[in-house]
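The values are calculated or read from the model by the stated rules, or taken from the named source; none is laboratory data. As the structure is a prediction and not an experimental result, all values here were calculated from the model. Neighbour counts run over all protein chains shown; Cβ positions are idealised from the backbone, glycine included. Areas reflect the complete protein model, heavy atoms only, side chains present, ligands, DNA and RNA absent. Shrake-Rupley method; radii C 1.70, N 1.55, O 1.52, S 1.80 Å.
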Amino acid sequence: MAPNHQPAPDGVTTTLTDTTASATAVVAAPPEAVFDFVRSPANHAEISGDESVRGRVSGPDLLEAESSFRMKMRRGPIAYRMTNKVVEFDRNRVIAWSHLGGHRWRWELEPDGSGGTRVTETYDQSTARIPLVVKLMGYPKGHVANVARSVANVVDHFGGGA
């Protein structure tokens, strides 16, 4: 099994392809509220499924198209900082960011018809600058549990699923 592989939290479904790991759940909040929560770097530590995000260093309070932001990160004993740039932005529908490795984290939101939002996070390495290295590190499989927990954290923030 890849690193961090574990069953998805209740209410979260996962999908794995050769280049992506995705997780989806319904959040008990409208798309506008979920979008503003996800696009605020101040919330990324709370959202982080693998707990590697530790806090914002710089950047706007709310991300927009082409925003850059810098985050404090930690993997085990190693602390570092990562600069990200928003590479997709469709207000209340899609936001994605990428860092120097080129792979991206993408959030898609769609109304579920009952006042809630169907939320999908996808780790996508199809845009990676050095795809072989990312693959050798065990990804995308190694991110299945991470995106599942991230989506569950968003669900939990809004008080559970719709």
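Quick one: pull the percent of accessible area on the chain belonging to carbon and sulfur, 1.4 Å probe, ligands and nucleic acids left out.
Ligands and nucleic acids excluded, carbon and sulfur reach 51 percent.
How high is the relative contact order of region 66-120, given as a whole-number percent (alpha carbon pairs under 8 Å, six or more residues apart)?
Numbers: 89 pairs, mean separation 11.7, N = 55.
Reported relative contact order: 21 percent.
Take region 102-142, drop everything but the C-alpha atoms, weight them equally and run the Debye formula without solvent; then report log10 I(q)/I(0) at 0.17, 0.20, 0.30, 0.35 Å⁻¹ to two decimals.
-0.54, -0.63, -0.97, -1.13
When only the heavy atoms of the protein chains count and the probe is 1.4 Å, how do His143, His157 rank by accessible area, highest first? Before the final figure, lay out the partial values.
Details: His143 15, His157 80 Å².
Descending accessible area places them as His157, His143.
Hey, what did region 1-160 get for relative contact order, percent, Cα under 8 Å, at least 6 apart? Provide the component values of the computation, followed by the final result.
Numbers: 373 pairs, mean separation 52.7, N = 160.
This gives 33 percent for region 1-160.
What is the dipole size for the chain, taken about its Cα centre, with +1 at each Lys and Arg Cβ and -1 at each Asp and Glu Cβ, in debye to the nearest 20? Don't jump to the answer; show the numbers that get you there.
Numbers: 18 positive and 18 negative charges, 164 e Å.
Dipole of the chain, to the nearest 20 debye: 780 debye.
Through the Karplus equation 6.51 cos²θ - 1.76 cosθ + 1.60, θ set to phi - 60°, convert the phi angles of region 24-39 into ³J(HN,Hα) values in whole Hz; use x for Gly and Pro.
9, 7, 9, 9, 7, 6, x, x, 4, 5, 5, 4, 5, 5, 5, 8
With every protein chain left in place, what is the accessible area per residue of region 21-87 in square angstrom, probe 1.4 Å?
Working: 3120 Å² over 67 residues.
Accessible area per residue: 47 Å².
Please state the Cα pair-distance histogram of region 31-162 with 5 angstrom bins from zero: what percent is in each bin?
In whole percents, the pair-distance histogram is 2, 10, 19, 25, 22, 13, 6, 2, 0.
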